[in-house]
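Heads up: the structure comes next, in structure tokens.
Each reported figure results from applying straightforward, stated rules to the coordinates on display, with no laboratory input. Just so it is clear, the model here is predicted, and its values are computed rather than measured. Here Cβ is always computed from backbone atoms with ideal geometry, including for glycine, and neighbour counts include all displayed protein chains.
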Amino acid sequence: MATHLEEIEVGASFQTARRTVTEADIVAFAGVSGDFNPLHVDEVFAREETPFGGRIAHGPLVLSMSYGMASVRDGWKILALAECRRRFRSPVYPGDTVWAVFEVLETRASRSRPGVGFVTLAVQIHSDRGEIVQDGQDVLMVASRAGAAQAESGTLSEPGTL
């Protein structure tokens, strides 16, 4: 059973499953994104020319992984990612294990789109090196119970703006 906007409690926090960042993840992300910056793909450059001492994962790769790691969000009736803000605080190296901790900061019904609302989440991505490697906020568009009732009755209005 899907969790709707009205069932998500402000102040609730949860942790995702963990995931180890692999060489394959970094290479695949470089290929998909086209970001072949030597910081990510050239060990000699990264070791000799950067302050990191070796190659690091792409920040957006780790951000993307945070969306795919299993958590209570999997049961939410999420319709869209409406906003994402991240600060990249520490590097993530191949072999690091990461996980995210989320806290529900706000829930609100949409002012312009009946049947949906928005959930604002604080996020921290942690590494097994004892660091918070990213932090920020996400805003998710989530179906409301009112929207589910309207959809069932066939009275859901045309979508407007967010």
- Task: Assign one of three labels to the stretch 44-133, namely rounded, prolate or oblate, based on the Cα gyration tensor with a ≥ b ≥ c the square roots of its eigenvalues; rounded applies when a/c is under 1.5, prolate when it is not and a/b is larger than b/c, and oblate otherwise.
- Result: prolate
- Task: Quick one: compute the contact order of the chain, relative version, from alpha carbon pairs under 8 angstrom and 6+ residues apart, as a percent.
- Result: 28 percent
- Message: Net charge within 15 Å of Glu23 by Cβ-Cβ distance, Lys/Arg positive one each and Asp/Glu negative one each, not counting Glu23 itself?
- Response: -2
- Query: Arranged by the count of other C-beta atoms within 10 angstrom, fewest first, what order do Thr16, Thr97 take?
  - Reply: Thr97, Thr16
- Item | Distance (nanometres) between label positions extended 7 Å along Cα→Cβ at Thr3 and Ala24 | 3.0 nm
- Query: Which label belongs to the value computed from this structure, given these candidates for percent of Cα pairs over 21 Å apart: [x] 63; [y] 40; [z] 53?
  - Reply: [z]
- Query: Along the positive direction of the dipole of the chain (beta-carbon charges: Lys, Arg +1; Asp, Glu -1; about the Cα centre), which of Ala12, Ile56, Val44 reaches farthest?
  - Reply: Ala12
- What does the charge dipole of the stretch 5-153 about its Cα centre add up to, to the nearest 20 debye, if the Cβ of each Lys and Arg holds +1 and the Cβ of each Asp and Glu holds -1? 420 debye
- For each of Leu105, Leu61, count neighbouring Cβ atoms within 10 Å of the residue's Cβ, then give the residues from fewest to most. Leu105, Leu61
- Task: Please report Ile78, Ile132, Ile26 as a ranked list, fewest other C-beta atoms within 10 angstrom at the top and most at the bottom.
- Result: Ile132, Ile78, Ile26
- Excluding Val98 itself, what net charge comes from residues whose Cβ is under 14 Å from its Cβ, given Lys and Arg +1 and Asp and Glu -1? 0
- Task: Identify, among Ala24, Pro91, Val123, the residue whose Cα sits farthest towards the positive end of the charge dipole of the chain, taking +1 on the Cβ of Lys and Arg and -1 on the Cβ of Asp and Glu, with the dipole about the Cα centre.
- Result: Val123
- Most mobile of Pro114, Pro94, Pro51 per a Gaussian network model of the chain (Cα springs, under 10 Å)? Pro51
- Message: Filter the chain for me: DSSP H helices, axial length by Cα at least 20 angstrom, mean Kyte-Doolittle hydropathy not below -0.5. List them by residue number.
- Response: none
